[in-house]
Amino acid sequence: MLRMSSLVPARFLTLLAHLVTVMSVFWSRENNVRACLPLGYTVEEYNTEDTRLVVALSVTLGMFAVELAGFFSGASMFNNNQGLLSTACHVCGSVVLIFFLFEQWTCSIYWWIFGFCSVLPALYEIILLIAVFGLKRKPL
């Protein structure tokens with residue numbers, strides 16, 4: 001029982017840390033967009049890459065909304081599998097996004113970070129939401 005109750009705050013804190021990191025990338029995306037472009041870029045190329053990064057970051061925020069909805073509804077709050085998966089993915093996502101932000105990696109790397117660190121826990125959350133609310137199964 002102690003393990004289960006200690007996963008809840010760890011999951012919540014890592015989820016918020018990843019969310020804050022994504023918001024930081026969102027607010028300071030100008031340098032990352034420039035890192036995606038060649039030295040002699042046009043305004044149209046800049047706008048295209050900026051739009052791509054904004055779309056990726058917006059979809060990530062949507063994934064956070066799904067996870068927070070499932071967490072706060074209680075559907076997955078005490079699920080050990082989701083707790084471990086979410087905690088591991090969001091810790092990795094926070095650390096890798098900090099490198100993405102400070103090292104100014106190319107924008108194509110963000111899609112890999114998004115896939116492994118945001119989509120996996122959100123998909124499992126959706127499965128749990130369907131199981132709990134759609135199929136009327138117990139949350140645990």
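Before moving on, here are some points about what is shown:
- Here the 3J(HN,Hα) profile of segment 103-108, calculated from phi with Karplus coefficients 6.51, -1.76 and 1.60 at θ = phi - 60°, is 8, 6, 6, 5, 5, 5 Hz, Gly and Pro shown as x.
- Full-stretch length increase - Arg137, Tyr41 - with 0.36 nm per residue and alpha-carbon distance subtracted: 29.1 nm
- Inter-label distance for Arg52 and Ala88, nm, one decimal - labels placed 7 Å from Cα along Cα-to-Cβ: 3.0
- Highest-MSF residue in the chain out of Thr14, Thr42, Thr60 [GNM, Cα springs under 10 Å]: Thr42
- Measuring between their Cα centroids, segment 21-99 and segment 101-120 lie 7 Å from each other.
- Comparing Gly115, Gly83, Gly40 in a Gaussian network model of the chain (Cα springs below 10 Å), the most mobile by mean-square fluctuation is Gly40.
- Qualifying chymotrypsin sites (Phe, Trp or Tyr not before Pro) in segment 1-87, DSSP loop, other Cβ atoms within 10 Å at most 16: Tyr41, Phe78
- Longest DSSP-loop-exposure-free segment, trypsin sites (Lys or Arg not before Pro), the chain, at most 13 other Cβ within 10 Å: 1-135
- The mean sequence distance of close C-alpha pairs (under 8 Å, at least 6 residues apart), as a share of the length of the chain, puts its relative contact order at 36 percent.
- Whole-number D in µm² s⁻¹ for the chain, Kirkwood Cα-pair radius fed into Stokes-Einstein, 25 °C, 0.890 mPa s: 155
Taken together, the values in this text are just the output of simple stated rules run on the coordinates, not laboratory data. None of the values given here were measured: they were computed from a predicted structure. Glycine gets a Cβ as well: all are built from the backbone with ideal geometry, and neighbour counts include every protein chain shown.
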